[in-house]
1. Could you work out the relative contact order of the range 28-120? I mean the mean sequence separation of Cα pairs under 8 Å and 6+ apart, divided by the number of residues, in percent.
2. Could you derive backbone 3J(HN,Hα) for the range 81-97 from the dihedral phi with the Karplus parameters 6.51, -1.76 and 1.60 (θ = phi - 60°), listing whole Hz in sequence and x where the residue is Gly or Pro?
3. Any idea what the relative contact order of the range 197-256 is, in percent, if you count C-alpha pairs under 8 Å spaced at least 6 apart?
4. I need E139, E56, E241 ordered by Cβ neighbour count within 10 Å, fewest first.
5. Which of Y226, Y185, Y96 has the fewest other C-beta atoms within 10 Å, and how do the rest follow up to the most?
6. As a test of the formula, what do you get for the chain when each DSSP H run with n ≥ 4 contributes -39,500 (n - 2.57) and the sum is divided by the residue count, at 222 nm and rounded to the nearest 500 deg cm²/dmol?
7. Using θ = phi - 60° and the Karplus relation 6.51 cos²θ - 1.76 cosθ + 1.60, list the HN-Hα couplings for the range 249-254 in order, rounded to whole Hz, with x at every Gly or Pro.
8. Which shape class, rounded, prolate or oblate, goes with the range 93-202 when its Cα gyration tensor gives a ≥ b ≥ c as root eigenvalues, a/c under 1.5 marks rounded, and past that a/b bigger than b/c marks prolate?
Amino acid sequence: MTASPARSVAGGAAVAAAGPPDLPVVIGHRGAAAVAPENTLASMRRAHADGARWVEFDVHLSGDGRCIVLHDDTIDRTTDGRGAAAALSFEALRRYDAGAWFAPQFAGERIPDLEELTALLGALGLGANVEIKPSPGAEKATAEAVMAVLRRCWPAHLPPPLVSSFAPLSLAAARDAAPEIARGYLFGQLPADWRRRAEALGCATIHCGERRLTPAQVAAVREAGYPLLVYTVNDPARARELIHWGATGIISDCPGAIIAALARSVPTLAE
């Protein structure tokens, strides 16, 4: 696949129309989720401190339509509050602690919104894979809101962002709202018709869970011209194996450990 001519994102960087961005070998999953509370500013800072050049994080909508950085439909697992994120205003969500559940030193962390997190990425110089993670029924609205924020707020000095999703409706809405921002199709397990699905939505990258991935599947994706990002890989030996098979990049909860392991085995891969 070849990238289309560049188009500009209003208020942000110029990005290639639906073309794959220049991806690093290691991307921090939800920041550095093994060592800091996932999807918080602290987790992004830790990923940066550990040497990551990019991070991945999830975006939902609050009840009042704010883009919030959160993985689950509810706040029960990652805050001291309870309830569906889509039923709570952003002001209400910010009352809850999103760090103490992980470790006492992270007490006081809050659920960030996408604007706040984007500003931090700009300050740290971090690229990002933004996963559109809609609550049921909010696939289109979530994607449209995410793309509007990225167009308005993405720092011009950062590499172009990549958005990804498991939800075809979200990918279609992202394409329609901001066709110049690259999209990645997320799969838990690579289906036989993965290429048809990716082409139908104009996706530039393929993202796949690592557990059932095979060398033949990696080869097929790469031979078709798609970068392949594999998640969530926390074992250094498995990361080395996947890179040896031809995977483009590894998404990991412990980016520092994976970067170090790849640097020891194949120094050029961790640059």
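1. Working: 187 pairs, mean separation 24.0, N = 93.
This gives 26 percent for the range 28-120.
2. Couplings: x, 9, x, 6, 4, 5, 9, 10, 6, 4, 4, 5, 4, 6, 6, 8, 7 Hz.
3. Rounded, it is 32 percent for the range 197-256.
4. E241, E139, E56
5. On the way: Y226 22, Y185 26, Y96 18.
Ranking Y226, Y185, Y96 by Cβ neighbours within 10 Å, fewest first, gives Y96, Y226, Y185.
6. Numbers: 9 runs with 86 residues, N = 271.
After summing the helix terms and dividing by the residues of the chain, the value is -9000 deg cm²/dmol.
7. Couplings: x, 10, 9, 9, 5, 10 Hz.
8. It comes out prolate by the Cα gyration axes.
Taken together, the values in this text are just the output of simple stated rules run on the coordinates, not laboratory data. Fair warning: this is a prediction, and the values are worked out from it, not measured in the lab. Virtual Cβ from ideal backbone geometry, glycine too; neighbours counted across all protein chains shown.
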